[in-house]
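S.K.: Input: one structure, supplied below.
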Amino acid sequence: MVNEVLAVQVESAARSAGLVVVGSEPGEKVAGGATAKFTLALAADPAKTQLLELSAGFEFGRPDLMEGVKAYLAESAKRLKNPRPDCYLTLHGIPLSFGRFGWPFHESTSGADTSLVHGEVRLEDGGESVLHANVAVSMTVTFRDVVTAPEQPFAEGFIYNAVRKTMDQGQLELVKSGNRQPVPLTTRYYSVKQKKFVFNDTTEAQRKGFLAGKAFWLSGVLGGGGPVWLADPRDAQYLDTSVEELRGATKTLVAEGLLQPAEDAEYAAATAKLMERREECRAEMTRTLESIKPAFNEEMRAGLTNM
């Protein structure tokens with residue numbers, strides 16, 4: 001049985017964010033111990049759901065944890081309005097879906113002093129979703145000190161951004177089958193001086209290009225032309241910018257005829273003019289995918305080596 005007190009607390013917080021709990025079940029941590037899994041849905045559109053998994057003994061009553069969960073649920077409610085809430089774009093133009101993450105972090109069983117979370121990312125280019133990467137995101141002891149709690153609401157955002165960053169660096173390969181690939185999470189992604197996560201140093205032009213690409217893929221290709229949330233704080237963190245700057249870039253793209261704003265100005269859909277960039281966007285994705293394929297020494301492949 002799911003912890004009844006925790007269930008009531010999650011239901012109350014979800015309701016305040018415009019969400020409803022449509023299902024709950026007990027789960028199990030990778031390294032042992034119980035979790036509680038809650039299926040959340042938009043109150044206005046119950047077909048849109050996401051999974052929230054917390055440790056069974058999660059201290060919801062702690063003020064810092066309660067506020068963190070409330071902020072996470074408020075963002076989730078906005079993200080669930082996307083046609084594909086599970087999809088994200090990398091800075092170098094790869095559309096990915098994130099799923100099958102096992103929360104919370106668990107301690108490494110190999111003797112390393114790290115915490116891990118396992119998950120899966122898949123290429124989402126509008127065709128059959130075959131290419132994927134099983135990932136093992138590792139958090140160092142030093143990095144753990146800057147995280148409020150090793151639970152989904154406090155770690156999901158920077159975990160997804162670390163995966164996106166690692167993908168763009170060519171350190172993850174999308175394959176049809178394969179072992180888990182490491183995504184190291186170190187303090188290089190966190191500025192102690194600024195007390196914030198830092199993943200990419202971007203220009204205004206890059207941010208505009210990213211938002212146009214996000215609308216192309218998540219709205220035009222994967223979303224049936226539906227509007228997507230372009231003021232997502234998770235993207236702002238990934239691009240080392242502010243939500244306000246994302247709003248400004250969105251307005252510019254609307255003025256250029258590339259986006260059609262929704263009733264809520266933070267959302268916009270791809271226009272026919274933007275979809276004319278189909279070859280350009282697909283070419284960028286193809287170039288990036290080619291760049292992350294492992295390169296082999298052809299002489300070694302042919303056996304011409306004295307090793």
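Coordinate-derived values only; no laboratory data. Quantities reported herein were computed from a predicted structural model and do not represent experimental measurements. Every residue, glycine among them, receives a Cβ derived from its backbone with ideal geometry; neighbour counts consider all protein chains shown.
S.K.: Going toward the positive end of the dipole of the chain, with +1 on Lys and Arg Cβ and -1 on Asp and Glu Cβ, which of 118, 272, 60 do you reach last?
M.R.: 272
S.K.: Report the charge-dipole magnitude of the chain in Debye, nearest 20, computed about the Cα centre from +1 at each Lys and Arg Cβ and -1 at each Asp and Glu Cβ.
M.R.: Working: 34 positive and 40 negative charges, 46 e Å.
The dipole of the chain has a size of about 220 debye.
S.K.: By counting other Cβ atoms within 10 Å of each Cβ, how are 176, 273 ranked from fewest to most?
M.R.: Numbers: 176 7, 273 12.
In increasing order of surrounding Cβ atoms, one gets 176, 273.
S.K.: Compute the FRET efficiency between residue 290 and residue 242 as 1/(1 + (r/R0)^6), taking r as their Cβ-Cβ distance and R0 = 25 Å, and round to the nearest 0.05.
M.R.: Working: r = 33 Å, r/R0 = 1.32.
With a Förster radius of 25 Å, E is 0.15.
S.K.: Right, another one. What nm value, rounded to one decimal, do you get for the distance between residue 31 and residue 70 when each label is placed 7 Å out toward the C-beta?
M.R.: For residue 31 paired with residue 70, the spin-label model returns 3.1 nm.
S.K.: Of the listed pairs 70/251; 70/214; 214/251, which have alpha-carbon separations greater than 21 Å here?
M.R.: Numbers: 70/251 29 Å; 70/214 26 Å; 214/251 15 Å.
Cα-Cα > 21 Å for 70/251; 70/214; rest within.
S.K.: By the gyration tensor of its Cα atoms, with a ≥ b ≥ c the square roots of the eigenvalues, what is the shape of the range 117-176: rounded for a/c under 1.5, prolate for a/b over b/c, or oblate? Please report the intermediate quantities before stating the final value.
M.R.: On the way: a/c = 2.68, a/b = 2.11, b/c = 1.27.
Judged from the Cα gyration tensor, the range 117-176 comes out prolate (a/c at least 1.5, a/b above b/c).
S.K.: Per DSSP H run of at least 4 residues, take -39500 (n - 2.57); add these up for the chain, divide by its residues and hand me the 222 nm value, nearest 500 deg cm²/dmol.
M.R.: On the way: 10 runs with 103 residues, N = 307.
It comes out at -10000 deg cm²/dmol, rounded to the nearest 500.
S.K.: Would you be so kind as to identify which of 72, 33, 10 lies farthest towards the positive end of the dipole of the range 1-80, taking Lys and Arg as +1 and Asp and Glu as -1 on Cβ and the Cα centre as origin?
M.R.: Looking along the dipole axis, the top candidate is 72.
S.K.: Starting from the 7 Å offset along Cα-to-Cβ, what nm value, one decimal, do you get for the label separation of residue 136 and residue 11?
M.R.: Going by the 7 Å Cα→Cβ label model, 3.9 nm.
S.K.: In addition: Just how large is the dipole of the range 204-290 about the Cα centre, in debye to the nearest 20, putting +1 at every Lys and Arg Cβ and -1 at every Asp and Glu Cβ? Please list the in-between numbers first.
M.R.: On the way: 11 positive and 15 negative charges, 45 e Å.
I would put it at about 220 debye.
S.K.: Counting DSSP beta bridges in the range 117-206, what percent are antiparallel, to the nearest 5? All intermediate terms of the calculation are to be shown ahead of the outcome.
M.R.: Numbers: 9 of 14 bridges.
Antiparallel bridges: around 65 percent, rounded to the nearest 5.
S.K.: Here's something else I'd like to know. First measure r as the distance between the Cβ atoms of residue 44 and residue 148, then evaluate 1/(1 + (r/R0)^6) with R0 = 30 Å and state the FRET efficiency to the nearest 0.05. Please list the in-between numbers first.
M.R.: On the way: r = 30 Å, r/R0 = 0.99.
It comes to 0.50.
S.K.: Using Cα pairs under 8 angstrom and six or more residues apart, how large is the relative contact order of the chain, in percent? Could you put the intermediate results ahead of the total?
M.R.: Working: 525 pairs, mean separation 43.4, N = 307.
About 14 percent, as a whole number.
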